[in-house]
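**Q** Shown below is the structure under consideration.
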Amino acid sequence: MANLENKEQEFAKRLGDLTKHARRQGGTVSEAEIRDTFDELELSDSQYELIYDYLKKHNIGIGEAIDSSEYLSKEEAGYLENYLEEISLLESVTDGEKEAIIISAMAGETDAQKRLAELSLSMVTDVAKLYAEQGVLIEDLIGEGNIALMKAVSELSSLDDHKECDSYLAQRVMDAMENLIEDDAAETARVQKAVQLVQEVADKAKELADELRRSCTVDELAEETGWEREKILEAIKACGNQIEDIDYKPEKK
């Protein structure tokens, strides 16, 4: 059992690492990279098919990039189109001019840092499209990415070579979006858990209230179910004291 659990944990870790690796190379991963990642786990063909399905559902192309636009809602697509139109109005620069801007930004010149951030806005949208359909709206991904970008351009002095700049900025933007997605997933899980708790308590409260032909108290429900009072009070608090079959009045402070 322990070996099976360890294998499952290792599988999950490798799958997560592979997904992040794929996003860092433009949302694609090769068949060879997939096989190399899981080779030691000796997976079956059907298990590999599950991996392929997982990657496709997470906007990762195998061998070639997936068109991210198909994952966007009509509203998101409209937002992205308008946003791209806005940033397209910003003045472009030559490769040489951008190189000079990066070097100046690395030296701490705030005007150069601001200009570099402007030139990198389209990169943020490209990264955001890689994370489409992960539970966070694309406008929120772009907003979080832009915040990370503004901070990153002010911290370029840590780089040894100006040629590292683009990849450094992209990495910071990706990290910010991944953190946002993880935080959103955690909050969604917390809300779902709270909803399940409220429903469970409400159902039991209704059963007891039907038997008593009146609303039950917290103590009566705790005695009937064997639950801790804290569990019932947590459910009551989570729904704003809206469980109608429980007679409960919060203590005045």
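**Q** Kindly list the number of the only condition in (1) surrounded by 11 or more Cβ atoms within 10 Å (Cβ to Cβ); (2) closer than 20 Å to Arg190 by Cβ that fails for Ile246.
**A** The one condition Ile246 does not meet is (2).
**Q** Tell me the residue from Ser157, Ser92, Ser104 that is farther than 30 Å from His58 by Cα, in contact with a helix residue (DSSP H, G or I) (Cβ under 9 Å, 6 or more places away or on another chain) and at pLDDT 95 or above, please.
**A** When all the criteria are applied, what remains is Ser104.
**Q** If you scan region 229-253, which residues turn out to be part of a loop (DSSP other than H, G, I, E, B) and within 34 Å of the chain's Cα centre (by Cα)?
**A** Passing the criteria: Cys239, Gly240, Asn241, Gln242, Ile243.
**Q** Still on this model: When both residues are 6+ apart or on different chains and their Cβ atoms are under 8 Å apart, which pairs have a first residue that lies in region 202-231 and is crowded, with 16+ Cβ neighbours inside 10 Å, and a second that is basic (Lys, Arg)?
**A** Matching pairs, first to second residue: Val218/Arg229; Leu221/Lys204; Ala222/Arg229; Thr225/Lys204.
**Q** Being hydroxyl-bearing (Ser, Thr, Tyr) and in a helix (DSSP H, G or I), is that true of even one residue in region 127-140?
**A** No, because not a single residue in region 127-140 is hydroxyl-bearing (Ser, Thr, Tyr) and in a helix (DSSP H, G or I).
**Q** Let me ask something else. Checking Leu43 against (1) in the same structural domain as Gln134 (by TED's automatic domain parsing); (2) part of a loop (DSSP other than H, G, I, E, B); (3) more than 20 Å from Val127 (Cβ to Cβ), only one condition comes out false. Which one?
**A** (1)
**Q** Inside region 141-173, can you point out the residues that are in a helix (DSSP H, G or I), free of Cβ contacts under 8 Å to residues at least 24 places away in the same chain and acidic (Asp, Glu)?
**A** Of everything in region 141-173, those that are in a helix (DSSP H, G or I), free of Cβ contacts under 8 Å to residues at least 24 places away in the same chain and acidic (Asp, Glu) turn out to be Glu155, Glu164.
**Q** If you don't mind, there's one more thing I want to ask. Determine which single condition Gly108 fails, assuming it passes every other condition in (1) within 20 Å of Arg24 (Cα to Cα); (2) in contact (Cβ under 8 Å) with a residue 12 or more places away in the chain.
**A** (1) is the only condition that Gly108 fails.
The values are calculated or read from the model by the stated rules, or taken from the named source; none is laboratory data. Fair warning: this is a prediction, and the values are worked out from it, not measured in the lab. Note that each Cβ is placed from the backbone with ideal geometry, even for glycine, and that neighbours are counted across all protein chains shown.
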